[in-house]
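Chemist: This is the structure I want to talk about, given as structure tokens.
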Amino acid sequence: ASIGHEMNNQLTIGYGNLEVALQCMAQKEYGSATERMHCAAQALRDAFELTQALFSGVKPDFHPIPLSLNLVIADFLFVLKSFLRKNKTAVSFSAAENLPLICGVEAQIRQVLFNILCNALQARPDVSMRIKTGYQEKGQMVVCLLCDNGPGMDRAALSTLFQPFHSGHASGHGLGLFVCKEIISRHQGSLTVQSRLGEGTQFTISLPAHRPSQRPPL
């Protein structure tokens with residue numbers, strides 16, 4: 001079920017980018033159309049990998065490599081440009097300078113970012129989000145904060161937030177944040193949340209900084 005949920009997310013991104021590409025072609029903006037088609041192709045490649053995993057009955061491949069979290073987020077926001085515009089969602093990104101690399105699977109990190117964004121959209125359709133990266137010397141962790149101006153959550157909602165098939169939204173499946181937690185745990189990191197009713201929500205992703213002599217997580 002979780003793989004099907006993620007596949008639906010990637011198809012949504014791919015379809016949105018293809019729609020924009022067609023509009024650009026009609027307006028003879030061929031450069032922009034090509035960019036959107038590349039974004040759609042990336043989303044469809046991710047969906048294809050998930051489909052292969054679904055039919056084989058195993059989890060998607062986990063082959064982590066050194067990554068720049070700043071670049072992953074910047075590329076993610078670029079691919080989602082049409083999706084954000086369609087949903088009238090404002091997202092700002094503050095990238096920390098000289099941020100150490102992480103060791104991870106880019107497609108899976110993108111899944112986490114997208115699921116958290118979708119969770120915010122379900123709570124408030126016109127939500128705004130601030131994304132900020134940083135580094136914690138203690139524990140040598142690369143950190144990503146995702147803060148929204150949504151309605152927030154009470155303690156009862158927070159207590160079941162990462163449990164499968166528990167959703168506070170009528171249109172939710174209760175799998176998105178559960179999948180996020182699983183992915184970040186597999187990357188040997190942590191995913192935490194802070195929220196209060198009427199004050200929005202902040203998710204914190206913490207991932208170990210990559211060291212050249214470090215073996216990738218299994």
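Bear in mind these aren't lab numbers, they're just calculated from the coordinates by the rules spelled out. Predicted model only: the values in this text are computed from it and were never measured. Here the Cβ positions follow ideal geometry from the backbone for every residue, glycine too, while neighbour counts run over all protein chains shown.
Chemist: Which links in Lys28/Lys86; Lys88/Lys132; Lys88/Lys138 stretch past 32 Å when you go from one Cα to the other?
Modeler: Numbers: Lys28/Lys86 21 Å; Lys88/Lys132 20 Å; Lys88/Lys138 38 Å.
Long pairs (Cα-Cα over 32 Å): Lys88/Lys138.
Chemist: Here's a follow-up. Which FRET efficiency, nearest 0.05, do Ser159 and Ala74 yield, Cβ-Cβ r, R0 30 Å? Display every interim value, and only then the final one.
Modeler: Numbers: r = 34 Å, r/R0 = 1.13.
After rounding to 0.05, the efficiency reads 0.30.
Chemist: Multiply the residue separation of Gln136 and Leu22 by 0.36 nm, subtract the distance between their alpha-carbon atoms, and state the gained length in nm to one decimal. All intermediate terms of the calculation are to be shown ahead of the outcome.
Modeler: Values: separation 114, 0.36 × 114 = 41.04 nm, distance 4.37 nm.
The span from Gln136 to Leu22 would gain 36.7 nm if fully extended.
Chemist: Give me the distance in nm between label points sitting 7 Å out from Cα along the Cα-to-Cβ direction at Ser128 and Phe62, one decimal.
Modeler: 3.8
Chemist: Could you list Phe93, Phe76 in order of exposure, starting from the residue whose Cβ has the fewest other Cβ atoms within 10 Å?
Modeler: Values: Phe93 15, Phe76 21.
Ascending Cβ contact count within 10 Å gives the list Phe93, Phe76.
Chemist: Now for a separate question. Please compute the alpha carbon radius of gyration of the stretch 62-218, then divide it by the globular-protein estimate 2.2 N^0.38 Å. Two decimals is fine. Before the final figure, lay out the partial values.
Modeler: Numbers: Rg = 15.3 Å, N = 157, 2.2 N^0.38 = 15.0 Å.
Against the compact-globule rule of thumb, the ratio is 1.02.
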